[in-house]
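The values are calculated or read from the model by the stated rules, or taken from the named source; none is laboratory data. The shown structure was predicted, so the numbers you read here are calculated from the model rather than taken from an experiment. When we count neighbours, we look across all protein chains shown, and the Cβ atoms used for this are built from the backbone with ideal geometry, even at glycine. Quick note on the areas: whole protein, heavy atoms, side chains included, nothing else; ligands and nucleic acids left out. Shrake-Rupley method; radii C 1.70, N 1.55, O 1.52, S 1.80 Å.
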Amino acid sequence: MTRATITAQALRDAGWTERAGQGFSAHVGPIWTRREDGHWAYGLLTGPQHANIAGLVHGGLIATLMDQGLSAIAWEHVSRQPCVTVQLDTQYLTAARPGQFLEARGRVSRATSSLVFVQGEITAGDDTIAAGMAILKRMRA
């Protein structure tokens, strides 16, 4: 999808599902999800409300999407056991602009009885916007 054609309907047509956010994520989303080859992808359609003073997508929003995506990947990996982020490292590689659809994907690199290690990327089209890794603590019921 090119930047000019990204609409909610275009995302639905491409297999993305809009998810109603809860708590903090309701303020930044909606978050979109799509199942791809047995894995989940997470997305966010950015708008002017996501811009910083320079007119680019705010780095805090990119970090939020990274945290949301990597946390959800860890949660799925440990059979939907609650996890909380104890460390999130985000490397910003290029700027994103309002109107772009940001996509987060990742993979678990290691899981122990108490921690889950996840690596991921955020892309917009063919551009890698950010790379990152998270360490998540598995919470007991």
**Message:** Modelling each spin label as a point 7 Å along the Cα-to-Cβ direction, I'd like the A54/A8 distance in nm, to one decimal.
**Reply:** 3.1 nm
**Residues of the stretch 8-138: accessible area per residue with a 1.4 Å probe, Å²** = 51 Å²
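Tell me which trypsin sites (Lys or Arg not before Pro) from the stretch 84-141 have a DSSP coil assignment and no more than 10 other beta carbons within 10 Å of their own. Show your work: numbers first, answer last.
Details: sites: R105, R107, R110, K137, R138, R140; in loops: R140.
When the trypsin sites (Lys or Arg not before Pro) of the stretch 84-141 are filtered for loop state and at most 10 Cβ neighbours within 10 Å, R140 remain.
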**Request:** Give a quick list of chymotrypsin sites (Phe, Trp or Tyr not before Pro) in the stretch 4-40 that DSSP marks as loop, anything other than H, G, I, E or B, with at most 13 other Cβ atoms within 10 Å.
**Result:** F24
**Message:** So for the stretch 86-141, averaging the separation of alpha carbon pairs under 8 Å that are six or more residues apart and normalising by length, what relative contact order in percent results?
**Reply:** 42 percent
**Asked** Debye sum, Cα scatterers, the chain, no solvent: what log₁₀ I/I(0) at q = 0.09, 0.12 1/Å?
**Response** -0.26, -0.46
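Rounded, prolate or oblate for the stretch 1-83? Axes are the square roots of the Cα gyration tensor eigenvalues, ordered a ≥ b ≥ c, and the cut-off for rounded is a/c under 1.5. Write down the numbers at each step before the final one.
Details: a/c = 2.11, a/b = 1.26, b/c = 1.67.
Note, shape of the stretch 1-83 comes out oblate.
Determine the share of the chain's accessible area contributed by carbon and sulfur atoms, expressed in whole percent, with a 1.4 angstrom probe.
Numbers: 3960 of 7670 Å².
Answer for the chain is 52 percent, counting heavy atoms of protein chains only.
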**Asked** For the Cα atoms of the chain, what angle does the longest principal axis make with the long axis of helix 59-77, in degrees from 0 to 90, nearest 10?
**Response** 40 degrees
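Counting only C-alpha contacts under 8 Å and six or more residues apart, can you give the relative contact order of the stretch 8-138 as a whole percent? Write down the numbers at each step before the final one.
Values: 267 pairs, mean separation 29.6, N = 131.
Answer for the stretch 8-138 is 23 percent.
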**Prompt:** Amide H of I129: which non-local residues (sequence gap of 5 or more, or other chain) have their own amide H closer than 5 Å, using H built in the peptide plane?
**Reply:** I122, T123, A124
**Message:** Let me make sure I get this right: for the stretch 74-123, a, b and c are the square roots of the gyration tensor eigenvalues over alpha carbons, sorted descending. Under 1.5 in a/c it's rounded, otherwise prolate if a/b > b/c, else oblate. Which is it?
**Reply:** prolate
**Cα centroid separation - the stretch 98-141 against the stretch 1-61, whole Å** = 15 Å
